[in-house]
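Just below is one structure, and these are the notes that go with it.
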Amino acid sequence: MPLIIALPYFLIEALAFWGVSEAIGVGWALLALFLCFFGGLFLAAFEMKRIGRVALHQQQVNPGRLAGDYGLLAAGAILVAAPGFVTTALGLLLIVPPTRALARKALAKKLRVKIENLGMRGFEATNRYREHTVYGSFADPNKPVIDEDELKGWSDNVKPEDFK
């Protein structure tokens, strides 16, 4: 874990544990931490089973929504499994259905924008390596150019004998 992420994480979790232990005592804070860990994992497993049952019995299932729910549940379970009250609270927000739906919508919107930008960046990058042609530059510049007046004069005076 990079230090720029690890240091604030440890500091925030230590301050949260200190605050909870000051309020209810160290022993109760440790017990609450273990209860949050096991309760959160149980809730995540219960929600995964519930979503699976709903998807099994529904005829029209949105696969994107189902995948998003499972992904957010997995992320919530990982956050609940990480030690600390703050990560447990964030994990529970991803596990509980109403807040998970809000997170799914927000993340789907961000992901859609990123995919659109990725497509444009990919198109622009591949377009740089293509052969560029300017329309109207197909003739050899060393050969004489026949202009429009010459073509018009030729087409006005054309005779069938010219093609024999």
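The values are calculated or read from the model by the stated rules, or taken from the named source; none is laboratory data. These numbers were taken from a predicted model, which means no experiment stands behind them. Virtual Cβ from ideal backbone geometry, glycine too; neighbours counted across all protein chains shown.
Quick one: what pairs do we get from segment 21-49, first residue over 14 Å from residue 96 (Cβ atoms), second of a type in the set (Phe, Trp, Tyr), C-beta under 7 Å, 6+ apart or different chains?
Once the first residue is over 14 Å from residue 96 (Cβ atoms) and sits in segment 21-49, its partners that are of a type in the set (Phe, Trp, Tyr) give 29/17; 33/85.
Restricting to segment 52-80, name every residue that is small (Gly, Ala, Ser), loosely packed, with under 15 Cβ neighbours inside 10 Å and at pLDDT 90 or above.
71, 74
What is the one condition in (1) charged (D, E, K, R); (2) over 27 Å from residue 101 (Cβ atoms); (3) under 23 Å from the mean Cα position of the chain (by Cα) that residue 69 does not satisfy?
(2)
Give me the pairs, please: first residue somewhere in segment 139-158 and free of Cβ contacts under 8 Å to residues at least 24 places away in the same chain, second residue anywhere and surrounded by fewer than 10 Cβ atoms within 10 Å (Cβ to Cβ) and of a type outside the set (Ser, Thr, Tyr), beta-carbon distance under 9 Å, and either six or more positions apart or on two chains.
As it stands, the answer is 139/145, since those pairs meet every condition given.
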